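The values are calculated or read from the model by the stated rules, or taken from the named source; none is laboratory data. The structure displayed is predicted, hence computed values, not measured ones. So basically every Cβ, Gly included, is an ideal-geometry build from the backbone, and we count neighbours across all protein chains shown. Quick note on the areas: whole protein, heavy atoms, side chains included, nothing else; ligands and nucleic acids left out. Shrake-Rupley method; radii C 1.70, N 1.55, O 1.52, S 1.80 Å.
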Amino acid sequence: MTNFSFLKKIDNNLYEVITEAEKLYTSEFFEQCIGQTRRFGELLCKNILADKRRYDGSFDEMLATLKDNAHSIPEKEFIDDLYFLKKQGNISVHSSKVKRDGILAFECLQRAFEASINYAVLYKKGSKSILKKQYDVNLLMTGKPSLKEKYENVAEETKKPKTKPKKPVQQAYKMKSVSKKKKPLFWIFVCISSAISMIILLTMFLLNLMS
């Protein structure tokens with residue numbers, strides 16, 4: 001895998017050119033890497049202009065043509081990236097001294113990456129999801145994607161407010177205490193029983209006195 005894997009289905013030749021630039025970078029051939037990214041930028045121009053360009057037209061002339069027809073911000077950013085690749089590539093090729101400038105070479109790769117994304121979306125009608133891609137240093141150095149995207153997704157999930165579980169509705173039953181009505185027959189029975197008891201006690205008392 002490389003950062004430019006999405007480009008393979010769009011244009012395999014461009015894919016081969018730019019992945020070679022990545023290989024040169026990881027092998028620390030920084031000047032050659034810069035020159036290869038310039039070549040990549042020029043091929044992008046040729047592919048976009050196609051039959052509209054002069055056969056012997058220079059990179060500068062092609063860029064000027066693209067610039068005249070650029071109206072949107074992404075188009076202007078695309079052309080700025082190509083100008084950067086052209087300039088740095090020319091300096092690298094014509095320099096009398098070897099400069100092992102890894103930082104500049106890396107920036108050229110990043111610019112080529114941004115340019116390839118705009119090329120895919122603006123000129124080849126590629127999926128807009130490509131615009132979300134970012135250059136992965138770990139993928140460049142090891143061939144394996146970093147876990148950054150995975151961690152970012154997890155972080156986004158944790159940021160989302162968690163829905164609180166609904167509390168079970170407690171069914172409240174109000175027990176009304178019903179006062180039992182005392183039956184009047186009960187009190188009648190009590191009164192009669194009391195009266196009988198009093199009569200019996202009185203009778204016994206009188207009998208005792210008489211005896």
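Just a yes or no: is a residue in region 34-49 acidic (D, E), part of a helix (DSSP H, G or I) and within 35 Å of the chain's Cα centre (by Cα)?
Yes, region 34-49 contains a residue that is acidic (D, E), part of a helix (DSSP H, G or I) and within 35 Å of the chain's Cα centre (by Cα).
Residues are listed down the side, and each one gets a yes or a no for (1) surrounded by fewer than 19 Cβ atoms within 10 Å (Cβ to Cβ); (2) closer than 16 Å to Y119 by Cβ:
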site	(1), (2)
F6	yes, yes
E16	yes, yes
E22	no, no
E28	yes, no
I48	no, yes
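Wholly within region 61-156, which helices (runs of 4 or more DSSP H) include no fewer than the required count, namely at least 3 residues that are within 30 Å of S27 (Cβ to Cβ) and modelled with pLDDT under 90?
Ranges flagged: 73-94.
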Original post:
Based on what the data block shows, is K86 open to solvent by 20 Å² or more (accessible area, probe 1.4 Å), within 20 Å of K46 (Cβ to Cβ) and in contact (Cβ under 8 Å) with a residue 12 or more places away in the chain?
Top reply: yes
Original post:
In region 112-133, which residue that is surrounded by 12 or more Cβ atoms within 10 Å (Cβ to Cβ) and either out of contact with any helix residue (DSSP H, G or I) (no Cβ under 7 Å at 6 or more places or on another chain) or of a type in the set (S, T, N, Q) (or both) is farthest from L85 (Cα to Cα)?
Top reply: K124
